[in-house]
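The values are calculated or read from the model by the stated rules, or taken from the named source; none is laboratory data. Note that the coordinates shown come from a computational prediction; the quantities given were computed from them, not determined experimentally. Note that we place each Cβ from the backbone using ideal geometry, even for glycine, and neighbour counts take in every protein chain shown.
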Amino acid sequence: MARSTSGRWANEQVAAYEYQPTPYGGPDTYQPGPRRGGAIPAPRQAKAPADDLQPKAAKTRMDEWMEVDFKFGGSRIKRKAVALVLLGIPAVLPLFFMLPALITLNSNTFAGSVDDTLGTGAEFCLILCLLITPLALLTGQHWFIPLRRWYGIMMAASGIGDAAAAGVTDNFAGGVFGRLTGHTFTLVGFMMVMLVVPLVFTSNPWAQRKLGRYWKRFQRLTYAIWALLACHLMLLEGFGFESGTNGSGFAGDGDPVFHQRFYQFSACSLFLLVLRLPPVKRWIAARQREGRNWLVWVAVLPLFALFVFGLIFIINEELFKGIDSFTEHPSAE
Amino acid sequence: MSATYAADGRDDTAAGKVILMISSSLAAVLVIAGLIYAAGTGQRHVAAMAAAGCVPSLFISGLPCTTGQMMANEYLAIATPANQQLSTDMAAYAVNEKSDLAAAKAALTAEAASEQAFDASLSAQLFTPQNMATADAMIQNATSNGTTVPLASALFSPQVTAIANRLIQANQARAALTAEQARSTSLTQLQSFNHRAEVASAAVGAEVNLIRKALGLPPAAPLN
């Protein structure tokens, strides 16, 4: 993140590598604002060879405001740096929640709630990672783009931690490999982790330079992880139809629908998916060019409301399970 | 011509508009349905608990609920062996109270120990923060290990706990009396406690019947 905050918008190539890395979750174009060349799609060959190296969109007032630095303890810090750190903190919480159990090697806490704390944490980080592009598209602001990589890396850390703990502490038969792949939902989770590993190792400027134009395509594996996570959650809780032992909640819960992780994830994903569709992006860009951004917001509001609706339950789950894990009294829901 | 339209007049953004309209409408319907569903959460929770036989005061979100039947079974698991032991001790005392001071005292000491053990077992099921933490851990271990939730995790509801507290107090008084009786130095002194012991036992019996009633169990057969 420190690197990201030092980037300059005006320097094309340098800034591209300073800022662009977006690696993680990086399948998204870095320039979500109005497309150059009008609403008519330009011929493919007319496009820049790599989206990563395209000139930046114009700075918004907010971007400029964020670039201003202030004095703090004898040194000067950009507002953006503070904002990025603050916004990045939630991504650390899943690992932070598991820290006491790790330090005390509390296998009971790991067995009881690591999958929920780190698993839900990884889901939360992936959603935040995927949220960056739609937000940039809607607001035209870019100062928060570096968070995409940060959330992606923390998603990988949480996911790998979840898999590692599950491989050691789960009570499924078949040794470590059996514990990781013995059930359909664990197999899908294992596949996600296998995809996350190369992604996280290439989420740096050096790998971006080495992979060149293939880097962006490679980072699109994030979308595969996104789809696999949907499958994982679907299989985890009876295809979204079961409650109780094989589904969400327990007898007497009364809220099996809201507690279905697959539904929560789907509610969030609709907003993230729709705002990535090229026709929708074209429509939004056209309205923004016309100066009718309010229409975009009105059109997107229900999707965003649904996104928030789903995310609230995911955050609730993470905090509920995470605090239980932190106090080493794991919840076993 | 608006930038939205291509050279042939075709609206280039029509598809995006349609997609956005459909998805936003769907999202709006889902949000409204979600809010309506959320408004009924309390009622659904009560109905679901009733359907599952859960004790509302013992419900902990995210954990398997404790049912009235589980509470009753847990009480019986404590009371049945304790009653059997107590019957044996009381029978031994009845045999020896007029002839063998040492044996009668031994029977009374065993009886006092049985009464104390019953109180301790009952105390472990009371609705207290410490017991709740222990029960919570038991439930979580069982669910995370995929094993059956142990019966001992079924604590008493606050209502049953209030009765159980009175039962424990009455039984403590009886146990103290039994212990005092066991310190007798003669058979006459030993038998002089009998009436007070019967009164103490009647007090315990009254509380036992109350707790059994609260747990939906038939009245206990009186101990001799």
Within segment A:98-111, residues in contact with an Asp or Glu (Cβ under 8 Å, 6 or more places away or on another chain) and closer than 27 Å to A:Tyr151 by Cβ come out as A:Pro100, A:Ala101, A:Thr109
Go through segment A:60-81 and report how many residues are among the charged types (D, E, K, R), assigned to a helix (DSSP H, G or I) and over 14 Å from A:Ile145 (Cβ atoms). 3
How many of the residues making up segment A:169-201 are over 19 Å from A:Gly112 (Cβ atoms), in contact with a helix residue (DSSP H, G or I) (Cβ under 6 Å, 6 or more places away or on another chain) and in contact (Cβ under 8 Å) with a residue 40 or more places away in the chain? 6
When (1) farther than 16 Å from A:Ala163 by Cβ; (2) modelled with pLDDT of 90 or more; (3) not polar (S, T, N, Q) are applied to A:Gly240, the one that fails is (2)
Would you check which residues across segment A:123-163 are surrounded by fewer than 24 Cβ atoms within 10 Å (Cβ to Cβ) and of a type in the set (Ser, Thr, Tyr) and list them? A:Thr133, A:Thr139
For A:Ala91: the one exception among (1) in contact with a Cys (Cβ under 7 Å, 6 or more places away or on another chain); (2) modelled with pLDDT of 70 or more; (3) not in a helix (DSSP H, G or I): (3)
If we keep only residues of segment B:27-46 that are within 7 Å of chain A (Cβ to nearest Cβ) and farther than 12 Å from A:Phe309 by Cα, then the residue modelled with the highest pLDDT is B:Tyr37
Which residues, counting only those in segment A:99-122, are surrounded by fewer than 24 Cβ atoms within 10 Å (Cβ to Cβ), part of a helix (DSSP H, G or I) and more than 14 Å from every other protein chain (Cβ to nearest Cβ)? A:Leu99, A:Pro100, A:Leu102, A:Ile103
For segment A:311-333, does any single residue satisfy the condition of being in contact with a Cys (Cβ under 9 Å, 6 or more places away or on another chain) and under 27 Å from A:Met98 (Cα atoms)? yes
Within segment A:268-277, can one find any residue that is at the interface with another protein chain (Cβ under 7 Å from one of its Cβ atoms) and not β-branched (Val, Ile, Thr)? yes
